[in-house]
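Note sheet for the following structure.
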Amino acid sequence: MSEFEHIVEFTAAFDRRNVDPAKNYGVHGVEMRLVLKGPKGAVHFLLYTNWHLPHVAAAFEDKPFLLAPTPAEVGYHSPVPLRGWQTEPATETCDYLGGVPCYYASSGLAADAAFAALVERGNDGIWGYLESYYQDIFEEADNA
């Protein structure tokens, strides 16, 4: 049995546009978050699928690039600070760490490599990428 737990989460699309700018929260498609949880913390890949509500997608038909998936970020969740600048936890409770405070960081630039692993090799590719990322993040911290 692997030391890792795989978590897959989807957040629903929304249309929260409003003519009042103070109440306009825009539109957003489904988000997919893949989390690899291990004994030292967790890492994740966030993908903006751009799967929109039907009426929103219909309005974007002439702009198909707005409906393409967008790799958003790769990040980590740690119960202890891993970088010198992390003097306070990012959140007081983290679902991926069993409710303890979370030291968190992410990179949008790393998301492209994670997305390529997903597209090219599917399930094995993305979980393999996240395992490698996990090892890099937490082993680097162990050796610091």
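The values are calculated or read from the model by the stated rules, or taken from the named source; none is laboratory data. Because the structure is a prediction, the values reported are computed rather than measured. Cβ atoms come from the backbone with ideal geometry, glycine included; neighbour counts cover every protein chain shown.
Could you give me the residue pairs with C-beta distances under 6 Å whose first residue belongs to the range 6-23 and is surrounded by fewer than 13 Cβ atoms within 10 Å (Cβ to Cβ), whose second residue is not in a strand (DSSP E or B) wherever it lies, and which are 6+ apart or on separate chains? Here the result reads PHE10/VAL30; ARG16/TYR25; ARG17/ASN24; ASN18/ASN24, each pair linking the range 6-23 to a residue that is not in a strand (DSSP E or B).
Here GLU120, GLU139 are screened, and the one residue that is at pLDDT below 95 and either hydroxyl-bearing (Ser, Thr, Tyr) or surrounded by fewer than 13 Cβ atoms within 10 Å (Cβ to Cβ) (or both) is GLU139. A count restricted to the range 84-98 and to residues that are out of contact with any Lys or Arg (no Cβ under 8 Å at 6 or more places or on another chain) and either surrounded by 13 or more Cβ atoms within 10 Å (Cβ to Cβ) or hydrophobic (A, V, I, L, M, F, W, C) (or both) stands at 8. Identify the residue in the range 99-117 that is under 17 Å from HIS6 (Cα atoms) and in contact (Cβ under 8 Å) with a residue 60 or more places away in the chain and, among all such residues, is surrounded by the most Cβ atoms within 10 Å (Cβ to Cβ). Per the stated criteria, the residue is ALA114.
The condition of being farther than 24 Å from GLU5 by Cα and either touching a helix residue (DSSP H, G or I) at 6+ places or on another chain (Cβ under 7 Å) or not β-branched (Val, Ile, Thr) (or both) holds for only one of PRO21, PRO71, that being PRO21. State which residue is surrounded by the most Cβ atoms within 10 Å (Cβ to Cβ) when the search covers only the range 52-68 and only residues that are part of a helix (DSSP H, G or I) and of a type in the set (A, V, I, L, M). That would be VAL56. Selection of the range 88-121 for residues being in a helix (DSSP H, G or I) and under 15 Å from LEU46 (Cα atoms) yields TYR96, ALA111, ASP112, ALA113, ALA114, PHE115, ALA116, ALA117, LEU118, VAL119.
Looking only at residues in the range 31-51 that are free of Cβ contacts under 8 Å to residues at least 40 places away in the same chain and part of a loop (DSSP other than H, G, I, E, B), the one that is surrounded by the fewest Cβ atoms within 10 Å (Cβ to Cβ) is PRO39. Among the residues here, SER78 does not qualify as closer than 19 Å to GLU131 by Cβ and exposed (fewer than 15 other Cβ atoms within 10 Å of the Cβ).
Among the residues of the range 27-50, are any modelled with pLDDT of 95 or more and in contact with a Cys (Cβ under 9 Å, 6 or more places away or on another chain)? Yes, because at least one residue in the range 27-50 is modelled with pLDDT of 95 or more and in contact with a Cys (Cβ under 9 Å, 6 or more places away or on another chain).
Can you confirm whether the range 106-117 contains a residue that is touching a helix residue (DSSP H, G or I) at 6+ places or on another chain (Cβ under 6 Å) and either under 20 Å from GLU73 (Cα atoms) or of a type in the set (A, V, I, L, M, F, W, C) (or both)? Checked against the condition, which is being touching a helix residue (DSSP H, G or I) at 6+ places or on another chain (Cβ under 6 Å) and either under 20 Å from GLU73 (Cα atoms) or of a type in the set (A, V, I, L, M, F, W, C) (or both), the range 106-117 yields at least one hit. Scanning the range 106-120 for residues that are touching a strand residue (DSSP E or B) at 6+ places or on another chain (Cβ under 6 Å) and not charged (D, E, K, R), we see that the one that is farthest from GLU131 (Cα to Cα) is GLY108.
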